[in-house]
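Remarks on the structure that follows.
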Amino acid sequence: MARRRNRIQPRETRLDAVGAFIGDVASLAAEYARDEPPPPRIRTFSEAEPDDLSVALELLGRFRDLGLVVHGPRGCAAVPVHGPARLAVTDLDQQDTVLGSGEALAETVRRLDATARPAAIAVLGTPVVAINNDDIQATVGDLCEELGKPVVWVQTNALTSRIAATGADAAALALVHLANPEDAAGDLGLLNLLVPAASPEVDDLVSGIEAQGWKVNLLSETGTVADLARAATAAASLVLDPDTLEPLAAALEDRRGVPQLPVALPVGHAATAALYQTLADIAGTTPVIPLTPARTGAEALAGRRIAIALAPGWALALAQLVEDLGGEVVLLSVPHIDRRHAGALAGLAARRAAAQIHVGAAQGFEHENLLRRLAPDLVLGDPAAGAHALRLGIPAAAVVPERLIGPGAVERLDDLVRDALAGSTLALRAARGRQSPYSPGWLRRSPDWHVKREVK
Amino acid sequence: MSRALIGPAGGCALHGAILTALAIDGVVPLVHSTPGCALRAGLSLRGPGRATTAPAALPPLPSTNLAERHVVFGGTSRLREQIKNTLAVVPGRLLTVLTGCPTEMIGDDVTAMVKEVTTQGEAVIDIATAGFHGTARHGAESFMTALANWVGKLDPRRRGTEAGLVNLFGIVPRVDPGWLGNLEEIERLLAGVGLKVNPLIGPSGGFESLQALPSAEASLVLSPWGLGPARTLSERFGIPVVQAAGLPVGADAVRQVLDLLSEVLGRPIDEAGQKFLDVEQRLEDFVLNESLESLVGIGRRRFALAGGSLVAGPVARFLGDVLGWSSAAILVTDDPPEQSFGPLSAGLDRVRFLSDAAAIAEAVRASEADVVIGGSAERDLAEQLRLPFVEVFPPSALGTLSEGHAGARGARRLVAAILRTFDPEGIGATITTRPVLERGNETRLATVDGVPAPPRRIGR
Ligand code: SF4
């Protein structure tokens with residue numbers, strides 16, 4: 001139920017997050033090794049960035065019976081979710097921005113409750129109501145009692161943080177209020193598995209975990225509010241989506257006493273076997289370890305210069321894998337970096353100090369400039385980054401984290417790399433006759449030209 | 001006043017302005033707002049789960065991404081810096097500064113910032129496109145109107161007309177399903193009678209097309225969202241406005257629009273043009289002839305249809321006037337201005353203007369329709385109601401790649417979609433009466449003689 005709670009701290013404050021940096025990995029790792037946080041940096045030119053609201057909406061949208069109300073004008077709700085009938089917006093107009101809109105919010109929540117019958121409702125703030133100073137919390141508190149179901153406030157506003165991942169923190173804080181076990185007893189054999197999305201590899205991992213004597217409460221893009229309540233009764237949580245779901249696991253630990261398992265992402269045979277061993281040790285069972293795959297090497301990566309563009313947790317895990325398999329990471333492009341990544345960053349810096357790191361969400365002008373200079377053999381990462389690479393004639397493979405999970409990760413990555421290199425005609429075709437959308441003047445400039453230290 | 005809107009689709013005014021700007025080669029949008037506002041314009045182009053990266057299909061989208069301190073102390077200095085750097089980083093011939101809700105609320109003097117650079121000879125304009133002004137289509141219209149005004153000021157004396165050139169307005173890029181396919185088909189149809197479309201958007205549009213707006217002989221408006229720019233050009237240059245009753249779906253509708261155009265231009269369609277239209281008519285006749293057996297088997301349907309004002313009425317007219325079907329509900333879902341309700345519903349029964357997903361669902365439910373026609377939202381509804389579903393409006397993500405429904409070719413696609421739903425095997429005689437949902441999204445179809453057909457998947 002809604003009750004007074006702490007204000008969300010921006011990632012910049014809570015975890016010394018950085019959203020603008022271009023340089024070598026060693027320099028950024030050194031900034032995190034100092035006592036004080038890295039200096040704040042801004043851009044003097046920028047392309048459209050994501051905000052906390054979109055990230056929170058996307059994360060909350062994974063819970064299929066959760067109603068979503070965006071309190072703002074209609075465009076703030078323009079984030080695709082599964083089952084749009086459970087998404088509503090107060091659709092504020094210009095007059096509302098002057099007169100306030102508390103009653104509009106209450107009306108919208110009531111209407112969504114009546115039409116979609118969700119298990120609970122999350123109300124997300126927007127910059128418009130933040131500027132207006134609308135009191136969402138009070139309205140939400142009243143509605144909880146009126147509707148007899150949880151209505152939670154998601155503290156998004158697109159203003160206080162430049163790091164969109166702060167939206168995952170805001171969503172986590174709201175979700176943990178729904179992770180209310182009521183009177184249910186703790187279940188010592190239950191493990192929460194927080195994954196980015198379903199995949200055959202996730203299914204296999206669930207079976208593998210069950211083989212160690214555990215039951216699994218899977219929190220993925222088909223989760224429900226009941227799964228959240230069950231999560232509060234679990235013995236532990238395992239996070240395979242560190243960039244989005246780690247805050248939820250952390251909130252479950254802080255507020256519900258469900259600890260996170262401090263294990264590496266189960267990427268590849270050794271890491272998966274280590275996870276199973278840990279789980280069997282905790283359960284007091286004999287570990288059931290998968291057989292070593294027939295093919296354990298990944299020759300396709302050997303000697304290749306690789307650029308990676310993914311969310312930071314998975315980007316760093318993939319970088320390590322690429323280096324282990326004989327590839328050379330030349331560029332890591334991530335939307336942000338924070339103190340939780342400092343260890344992995346330092347590890348990469350020790351192996352490949354001169355590798356470049358580009359920190360910036362959706363900043364295509366910098367990304368293109370860097371790719372042109374570094375000319376990697378291959379780009380691995382999200383499909384949008386892959387499309388940009390193809391336009392420059394660089395082969396690319398989409399790497400989806402949920403498919404890299406488990407003992408066969410090395411083989412899957414090897415296959416991806418082989419396929420991308422074998423299908424490089426698409427890159428040649430995409431690059432044919434293409435004119436860059438950026439000016440030659442910009443492309444000649446140093447890629448970090450528009451990243452400046454912020455003068456307070 | 002605000003209203004509770006369930007299942008909001010299509011974004012805000014800012015998003016429509018952005019998507020329109022990005023569809024005109026040489027025009028660069030610069031969004032002056034907080035982070036998220038600009039990026040959300042592109043999110044409807046793909047499915048759930050990718051809210052943090054910019055869709056690669058879109059050109060660069062500069063944005064000031066204002067921080068909290070800018071909202072507190074004003075964001076004009078940040079805007080000044082961003083304008084200067086955008087001119088250096090993103091080449092273009094016209095920079096359009098688009099404001100979001102936050103910057104209009106805090107009252108940044110955007111016009112003053114723009115003036116600073118225009119006095120130095122740069123082509124820059126500012127347009128008030130805050131999301132709270134309305135829908136994406138509304139924003140697209142405001143944007144086009146601002147462009148028409150700008151060209152008007154740039155070149156106040158009309159330097160003569162280009163014979164046969166027709167401005168085309170009312171198709172909203174990446175918002176209207178099949179926008180590019182429809183645009184290309186309209187271009188082809190007008191070319192068939194010796195006219196040339198000045199499309200502004202898409203691969204054949206661009207900055208030259210923008211400059212050519214005052215040279216057109218007429219402006220053809222296909223939806224209420226094209227009236228603003230057409231009227232501006234009419235007021236400034238006397239260019240006549242030809243308002244069609246939506247996208248011309250089917251050969252008859254094409255002929256009506258072209259007759260109207262030729263009347264306004266004062267030039268009858270010549271023999272070659274008539275021949276071209278005859279071929280279009282024969283194509284439609286041929287398609288109908290091929291499908292008659294199936295259409296007889298399907299029988300006269302009572303349809304509920306939901307779609308935007310560009311297509312809802314025209315598709316419904318084709319179904320009624322050509323196939324003889326009856327409308328149980330025609331739901332126009334894009335919030336057109338009230339003044340356009342009359343023209344949009346002309347000749348149609350049971351038209352309602354609803355944009356709320358719950359209200360649309362209720363209207364379809366209450367309509368007693370026996371088939372639902374629309375896009376992906378209506379597909380889910382049809383599944384719930386256990387009614388056959390004809391998908392004619394593809395999701396936005398595929399909107400650029402799909403063909404649209406203009407002309408006889410569009411009618412052919414419409415008939416094909418109907419047959420895919422009711423008679424996928426093309427066997428005519430075993431047409432279904434009413435599918436019965438058995439489990440999940442698998443249907444078992446009862447045939448007219450009661451013999452069950454094999455199960456098949458519906459929907460995705
Ligand atoms: S509605 Fe306003 S605040 Fe929301 S995305 Fe659109 S411009 Fe931004």
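The values are calculated or read from the model by the stated rules, or taken from the named source; none is laboratory data. In this text the structure is predicted, and so the values were computed from the model without any measurement. Quick reminder, even Gly has a Cβ in these numbers, built from the backbone with ideal geometry, and neighbours come from all protein chains shown. These accessible areas exclude ligands, DNA and RNA; they are computed on the full protein's heavy atoms, side chains included. Shrake-Rupley method; radii C 1.70, N 1.55, O 1.52, S 1.80 Å.
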| query | Looking at B:L5, is it more than 7 Å from chain A (Cβ to nearest Cβ) and more than 10 Å from the ligand (Cβ to nearest atom)? | reply | no
| message | Kindly evaluate B:E81 against the criterion of being in contact with a Leu (Cβ under 7 Å, 6 or more places away or on another chain), within 9 Å of chain A (Cβ to nearest Cβ) and charged (D, E, K, R). | response | no
| query | If you take the residues in the stretch B:98-116 that are crowded, with 16+ Cβ neighbours inside 10 Å and not in a helix (DSSP H, G or I), which one is farthest from the ligand (Cβ to nearest atom)? | reply | B:D108
| request: May I ask you to list the residues in the stretch A:82-104 that are within 19 Å of B:A359 (Cβ to Cβ) and more than 7 Å from chain B (Cβ to nearest Cβ)? | output: A:G83, A:R86
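Could you tell me whether any residue of the stretch A:69-81 is in contact (Cβ under 8 Å) with a residue 60 or more places away in the chain and either under 22 Å from B:A130 (Cα atoms) or more than 10 Å from every other protein chain (Cβ to nearest Cβ) (or both)? So that I can check it myself, show each step before the final result.
Applying the first criterion (in contact (Cβ under 8 Å) with a residue 60 or more places away in the chain) to the stretch A:69-81 yields A:71.
Restricting the remaining residues to those that are either under 22 Å from B:A130 (Cα atoms) or more than 10 Å from every other protein chain (Cβ to nearest Cβ) (or both) gives A:71.
Checking the stretch A:69-81: at least one residue is in contact (Cβ under 8 Å) with a residue 60 or more places away in the chain and either under 22 Å from B:A130 (Cα atoms) or more than 10 Å from every other protein chain (Cβ to nearest Cβ) (or both).
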| request: Select from the stretch A:205-255 the residues that are buried (at least 18 other Cβ atoms within 10 Å of the Cβ), in a helix (DSSP H, G or I) and not aliphatic (A, V, I, L, M) and list them in ascending order. | output: A:G208, A:D227, A:R230, A:E246, A:P247
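Identify all residues within the stretch A:423-449 that are assigned to a helix (DSSP H, G or I) and within 14 Å of A:V379 (Cα to Cα); write none if there are none. Give the steps one after another, and end with the answer.
If we filter the stretch A:423-449 for residues that are assigned to a helix (DSSP H, G or I), which is where we start, we get A:425-431, A:440-444.
The answer is A:L426, A:A427.
Looking only at the stretch B:75-83, decide whether some residue is hydroxyl-bearing (S, T, Y) and crowded, with 23+ Cβ neighbours inside 10 Å. Spell out the reasoning first.
So the first thing to find is which residues in the stretch B:75-83 are hydroxyl-bearing (S, T, Y), and the list is B:76-77.
Filter once more, so that each one left must be crowded, with 23+ Cβ neighbours inside 10 Å: none.
So far as the stretch B:75-83 goes, no, none of its residues is hydroxyl-bearing (S, T, Y) and crowded, with 23+ Cβ neighbours inside 10 Å.
Every residue, every condition in (1) within 13 Å of the ligand (Cβ to nearest atom); (2) part of a loop (DSSP other than H, G, I, E, B); (3) at pLDDT 85 or above; (4) facing another protein chain (nearest Cβ under 7 Å), yes or no:
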| site | (1), (2), (3), (4) |
| --- | --- |
| B:A17 | yes, no, yes, no |
| B:A21 | no, no, yes, no |
| B:I24 | no, yes, yes, no |
| B:P35 | yes, yes, yes, yes |
| B:A38 | yes, yes, yes, yes |
| B:G47 | no, yes, no, yes |
| B:A56 | no, yes, yes, yes |
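So if I check each of B:D259, B:D285, which one is acidic (D, E), modelled with pLDDT of 95 or more, under 30 Å from B:T333 (Cα atoms) and surrounded by fewer than 19 Cβ atoms within 10 Å (Cβ to Cβ)?
Numbers: B:D285 fails: under 30 Å from B:T333 (Cα atoms).
The conditions single out B:D259.
Against the condition closer than 24 Å to B:P173 by Cβ, at pLDDT 90 or above and either assigned by the TED database to the domain that holds B:G250 or surrounded by fewer than 24 Cβ atoms within 10 Å (Cβ to Cβ) (or both), how does B:E391 come out, does it pass?
On the way: closer than 24 Å to B:P173 by Cβ: yes; at pLDDT 90 or above: yes; either assigned by the TED database to the domain that holds B:G250 or surrounded by fewer than 24 Cβ atoms within 10 Å (Cβ to Cβ) (or both): yes.
Yes, satisfied.
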| field | Selection from the stretch B:266-316 of residues that are assigned to a helix (DSSP H, G or I), in contact with a helix residue (DSSP H, G or I) (Cβ under 7 Å, 6 or more places away or on another chain) and within 30 Å of B:W225 (Cα to Cα) | value | B:G273, B:F276, B:L277, B:E280, B:Q281, B:E284, B:G313, B:P314, B:V315
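A quick yes/no check of all residues on (1) aliphatic (A, V, I, L, M); (2) over 28 Å from A:S436 (Cβ atoms):
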{"site": "A:L318", "(1), (2)": "yes, no"}
{"site": "A:A342", "(1), (2)": "yes, yes"}
{"site": "A:H358", "(1), (2)": "no, no"}
{"site": "A:A361", "(1), (2)": "yes, no"}
{"site": "A:F365", "(1), (2)": "no, no"}
{"site": "A:R373", "(1), (2)": "no, no"}
{"site": "A:P383", "(1), (2)": "no, no"}
| request: Would you check if there is a residue in the stretch B:88-97 being within 16 Å of the ligand (Cβ to nearest atom), at pLDDT 95 or above and either among the charged types (D, E, K, R) or outside any loop (DSSP other than H, G, I, E, B) (or both)? | output: yes
| task | Pick out the one residue from B:T145, B:T161 that is over 16 Å from the mean Cα position of the chain (by Cα), among the β-branched types (V, I, T) and at pLDDT 95 or above. | result | B:T145
| said: As an exercise: evaluate B:S234 against (1) more than 28 Å from B:S402 (Cβ to Cβ); (2) open to solvent by less than 10 Å² (accessible area, probe 1.4 Å) and give the number of the one condition it does not meet. | reply: (2)
| query | What is the number of the single condition among (1) in a loop (DSSP other than H, G, I, E, B); (2) of a type in the set (K, R); (3) modelled with pLDDT of 95 or more that B:R137 does not meet? | reply | (1)
| Wholly enclosed strands (runs of 3 or more DSSP E) of the stretch A:313-413 bearing at least 2 residues open to solvent by less than 20 Å² (accessible area, probe 1.4 Å) | A:328-334, A:356-359, A:378-381
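So, A:D134, is that one part of a loop (DSSP other than H, G, I, E, B) and in contact with a helix residue (DSSP H, G or I) (Cβ under 8 Å, 6 or more places away or on another chain) or not?
Values: part of a loop (DSSP other than H, G, I, E, B): yes; in contact with a helix residue (DSSP H, G or I) (Cβ under 8 Å, 6 or more places away or on another chain): yes.
Criteria met by A:D134.
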| said: For the stretch A:127-146: of the residues being within 14 Å of A:R7 (Cα to Cα) and among the aliphatic types (A, V, I, L, M), which is nearest to the ligand (Cβ to nearest atom)? | reply: A:A130
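Only one of B:L277, B:L247 is surrounded by fewer than 22 Cβ atoms within 10 Å (Cβ to Cβ) and either outside the structural domain of B:A382 (by the TED database) or out of contact with any Asp or Glu (no Cβ under 9 Å at 6 or more places or on another chain) (or both); which?
Details: B:L247 fails: surrounded by fewer than 22 Cβ atoms within 10 Å (Cβ to Cβ).
Among B:L277, B:L247, only B:L277 is surrounded by fewer than 22 Cβ atoms within 10 Å (Cβ to Cβ) and either outside the structural domain of B:A382 (by the TED database) or out of contact with any Asp or Glu (no Cβ under 9 Å at 6 or more places or on another chain) (or both).
Can we say A:L124 is in a strand (DSSP E or B), within 16 Å of the ligand (Cβ to nearest atom) and within 25 Å of the chain's Cα centre (by Cα)?
Values: in a strand (DSSP E or B): yes; within 16 Å of the ligand (Cβ to nearest atom): yes; within 25 Å of the chain's Cα centre (by Cα): yes.
Spelling it out, A:L124 is indeed in a strand (DSSP E or B), within 16 Å of the ligand (Cβ to nearest atom) and within 25 Å of the chain's Cα centre (by Cα).
If I ask for residues that are free of Cβ contacts under 8 Å to residues at least 24 places away in the same chain and part of a helix (DSSP H, G or I), which ones from the stretch A:108-121 would you list? Reasoning before the result, please.
Taking the stretch A:108-121 first, the residues free of Cβ contacts under 8 Å to residues at least 24 places away in the same chain are A:111, A:114, A:117.
A:R111, A:A114 - these are the residues of the stretch A:108-121 that are free of Cβ contacts under 8 Å to residues at least 24 places away in the same chain and part of a helix (DSSP H, G or I).
Please go through the stretch A:147-158 and give me each residue that is open to solvent by less than 10 Å² (accessible area, probe 1.4 Å), within 16 Å of the ligand (Cβ to nearest atom) and not small (G, A, S), ordered by number. Lay out the reasoning, then the answer.
Step one: of the stretch A:147-158, the residues open to solvent by less than 10 Å² (accessible area, probe 1.4 Å) are A:151-152, A:154, A:156, A:158.
Of the ones still in play, those that are also within 16 Å of the ligand (Cβ to nearest atom) are A:154, A:156, A:158.
A:V154, A:T156, listed by residue number.
State all residues of the stretch B:60-78 that are closer than 21 Å to A:N133 by Cβ, small (G, A, S) and either within 7 Å of another protein chain (Cβ to nearest Cβ) or not in a loop (DSSP other than H, G, I, E, B) (or both); if no residue qualifies, say none.
Quick first cut of the stretch B:60-78, residues closer than 21 Å to A:N133 by Cβ only: B:66-75.
Of the ones still in play, those that are also small (G, A, S) are B:67, B:74-75.
The one that is closer than 21 Å to A:N133 by Cβ, small (G, A, S) and either within 7 Å of another protein chain (Cβ to nearest Cβ) or not in a loop (DSSP other than H, G, I, E, B) (or both): B:A67.
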